[in-house]
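The structure appears right after this line, and notes come after that.
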Amino acid sequence: MTEKEIVNYVKEQLAAGHSPDEVRKALDETGWKSIEVEAAISKALPKKVRPQTAETTKDVKNTKTKRIFFISGIVLGVILLIVLVTFVAKSGVWKGVELQECGNDEACLKSALMSCSPATGLTSRGEGDSMAVSYTEVKGMKGENCKVFVRIEDAGSVLGITVKGRSMDCDIPTSLLKETGTISVSNVDKIKDYCEGTLVEFAEQVVNTVQPQ
């Protein structure tokens, strides 16, 4: 018999219910070499497939669960970071400094301005038709300068729509703040080099118009 034939013979004998030892003995008695017999039996025997155990399945589930928790933790961390940054930006809290709302308390706003502490407030100038109400926001220090935003909220009939809604952003040296005591278009000559916006532009035009040439 050829190698293929002996393998088939072994398969047939095993299928008939004979044990590998019985097949081996029969082939030995017919004169086949032991090495050839063992090779044929090895090829004829079915390959053993290692089944997936309950422990392996559990390990896979644990790995998936850990991965889900890890990803969920990252997503939750990002969401919390976004919420925290948004809260800080809106509340004005940064580096332990809280935004102070002065309302109509001009002394409160002036104190915040002199120390360049974050604050908001309203100030009124003039009376009746010449009145102007401005909103001021002290944003804090930027280098050696103080960042301040000013916008005209309301104005009497003399100024009316000419100035209402105009605003300016300023980076004022703290030394100048202490000298002037305020941020106002009435001292436009001193602040014009440190402010930009429609309000300071309008103030410069008015000054240039009334000053003798």
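The values are calculated or read from the model by the stated rules, or taken from the named source; none is laboratory data. Remember, it's a predicted structure, so these values are computed and weren't measured experimentally. Neighbour counts run over all protein chains shown; Cβ positions are idealised from the backbone, glycine included.
Could you tell me whether residue 183 is among the hydrophobic types (A, V, I, L, M, F, W, C), buried (at least 18 other Cβ atoms within 10 Å of the Cβ) and part of a loop (DSSP other than H, G, I, E, B)? Yes: the conditions hold for residue 183. Within the range 102-126, how many residues turn out to be basic (Lys, Arg) and outside any strand (DSSP E or B)? Qualifying residue count, the range 102-126: 1. Take the range 143-166 and flag every residue that is aliphatic (A, V, I, L, M), outside any strand (DSSP E or B) and either modelled with pLDDT under 80 or exposed (fewer than 14 other Cβ atoms within 10 Å of the Cβ) (or both). Result: 158, 159, 161.
Here residue 169 does not fit the description of being touching a Gly at 6+ places or on another chain (Cβ under 8 Å), touching a residue at least 24 places away in the same chain (Cβ under 8 Å) and not in a strand (DSSP E or B). Of the residues in the range 49-68, at least one is at pLDDT 85 or above and either hydrophobic (A, V, I, L, M, F, W, C) or within 30 Å of residue 119 (Cβ to Cβ) (or both). Among the residues of the range 101-120, those identified as closer than 19 Å to residue 143 by Cβ and free of Cβ contacts under 8 Å to residues at least 24 places away in the same chain are 115, 117. Against the condition under 34 Å from the mean Cα position of the chain (by Cα), modelled with pLDDT of 90 or more and surrounded by 11 or more Cβ atoms within 10 Å (Cβ to Cβ), how does residue 140 come out, does it pass? Criteria met by residue 140.
Would you check if there is a residue in the range 22-41 being among the polar types (S, T, N, Q), within 30 Å of residue 3 (Cα to Cα) and modelled with pLDDT under 85? Within the range 22-41 (the criterion being among the polar types (S, T, N, Q), within 30 Å of residue 3 (Cα to Cα) and modelled with pLDDT under 85), the answer is yes, since at least one residue qualifies.
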